[in-house]
Each structure stands twice: as structure tokens, then as C-alpha cells.
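Enquirer: Sharing a structure, written as C-alpha cells. Questions coming.
The values are calculated or read from the model by the stated rules, or taken from the named source; none is laboratory data. Computed from a predicted model, the values in this text were never measured in an experiment. Please note: Cβ atoms are built from the backbone with ideal geometry, for glycine as well, and neighbour counts cover all protein chains shown.
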């Protein structure tokens, strides 16, 4: 028999729920959660030498920790060590943490490449089950999981930095939207080609040379935002304030395209580079025909 002692009935109940998912009901004792004073004990009857049952119990214990406890620990680290008390802010940071853990943020995962929470947690769980047939969950967390808590704290630290950067970026984007709002368009359309550099064309597909673009830039924009505003692309677009921007690129996920999209929103129309050259040829053909 395996006995796991919990201080909180909620934890005992949650863990038992995972056991029910992973073990057949016949493998469980008749009274699986026994209350003893302020303690709650989950008892699991397994047959001797049934290693597959032990492996299943360990997996249930792992899932209980990851799905029922881990976010609470992340929130506690955020509140106690970084003073993020707001639930909404905590949730936004948690989403970044999960994106790293799930392998969706390779850029951030590089900062924790030496860590493997799943591997280390499963190894710690296996060790406690090999050494004990009865143990306290809260003592397990306090002593055995101390190195893992340091790992979780590292994920929190990286995610907070990313959250701050995202907040600054959103504030920056909103500032530029405010700058754009109400400005008169110097040109109705801009064709922006991202192909071996950044190239501006007017509505007749005539290229706007760099000196002309530079003269169009509103100096207040660069004066107020000297570090953040890209003087090659963003500053000319904001200064011209076109009603429509036709952007041609084969890499629509690149940061520059995303920033332009976030600022200009419905004014932006995305196309491939091939569409640009086809449109330019068609426009030139029509223009020649009129001549």
C-alpha cells in the first residue's frame, strides 16, 4: 500500500481525481481518502511486484503536480518575489511561461536550454516512490522539489522580462497610432516592396527615392521617438500617412511587417513580391496604351 499525506483536502481530492483517470477502480482501496485530524491521506492498494501500477501512479502524481499545482507555484513566485499581485497581469505572464514550456517560443527557450522541468520532475517523483511507501506531499514539495522550484523561478524571470518588453511595445504602437490619427494623407497609396531592401513606390508605381522620402519625414516624430522609430520605413510611412499601404514580401511574419500591420491595421494590404511585379507591369502597359 502507498500512502500520501496532504495538508489540504483539496490537494488530496485533486490527486485522487487523477488516480481515477489512470487506474482501474479495482486497484483502489475502498476508502481512498481518509481524514485524520488536519491531515488527508490518499491510500492506494496495489498488488506486490506490479511495476506497471507503480508507473501509472507516478504518472498520475506528475500530472497532478503539473496541471493542479504548477500554476499556483508560478503565481506565488510572481506575487512573493516580483510583487505581481494583479490576477490579469499574472495570467498574461503565465501564458508566456506556458508558451516556453510547450516549445512555442524558441527565442525565449534559448535562455533556459540547460533546464528540463519535465525530466527532472519525473526523476524526482520516481525517486520518492522508490524510497517511500508513505510520505508527505508538502514535505516532498518543500525539500525534494527545491531545485525544481529554482527552475520554475527562472522561467518566471524570463517571462517577466518578455512581458515588460511586450507592454512597452504595445505602448509604443499606441503612441504611433495616436500620431497617425487625424493626419492628412500626403499620398493616397504607397506600394512598399521588401525585396533586397525597402523600396517605396507611389500609386503610379514610380519609385520614391530616399532623399525624397527623407524630406517627407515629420521631424517631430524622430525628435519625440529617436530610439524606437525606424527612420528607413516606419517614419516615412507615418509621415506620409497613406490611406492604403500595399506591402509586398515573402516573409510576412518578420518583425517589421508585424509592426507595420499593428500600426496601420486595416490600411495595410499584404501581397507577395510576384504580385508587385505583375501589378507594376500591368500598370505600365495600361499607361503606355493611353499614350
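Enquirer: Say whether the condition of being in contact with a helix residue (DSSP H, G or I) (Cβ under 8 Å, 6 or more places away or on another chain), at pLDDT below 95 and either outside the structural domain of residue 14 (by TED's automatic domain parsing) or not in a helix (DSSP H, G or I) (or both) is met by at least one residue in segment 85-102.
Expert: No - not one qualifying residue is present in segment 85-102.
Enquirer: Would you call residue 222 modelled with pLDDT under 90 and touching a helix residue (DSSP H, G or I) at 6+ places or on another chain (Cβ under 9 Å)? If you could, list the steps in order and put the result at the bottom.
Expert: Details: modelled with pLDDT under 90: yes; touching a helix residue (DSSP H, G or I) at 6+ places or on another chain (Cβ under 9 Å): yes.
For residue 222, the condition - modelled with pLDDT under 90 and touching a helix residue (DSSP H, G or I) at 6+ places or on another chain (Cβ under 9 Å) - is met.
Enquirer: Does residue 157 qualify as being surrounded by fewer than 16 Cβ atoms within 10 Å (Cβ to Cβ), out of contact with any helix residue (DSSP H, G or I) (no Cβ under 7 Å at 6 or more places or on another chain) and modelled with pLDDT under 95?
Expert: No, not satisfied.
Each row is one residue, and each column tells you yes or no for (1) farther than 30 Å from residue 165 by Cα; (2) in contact with a strand residue (DSSP E or B) (Cβ under 9 Å, 6 or more places away or on another chain); (3) in the same structural domain as residue 159 (by TED's automatic domain parsing); (4) at pLDDT below 95.
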residue	(1), (2), (3), (4)
35	yes, yes, yes, yes
39	yes, yes, yes, yes
55	yes, no, yes, yes
68	no, no, yes, no
82	no, no, yes, no
104	no, no, yes, yes
110	no, no, yes, yes
123	yes, no, yes, no
139	yes, yes, yes, no
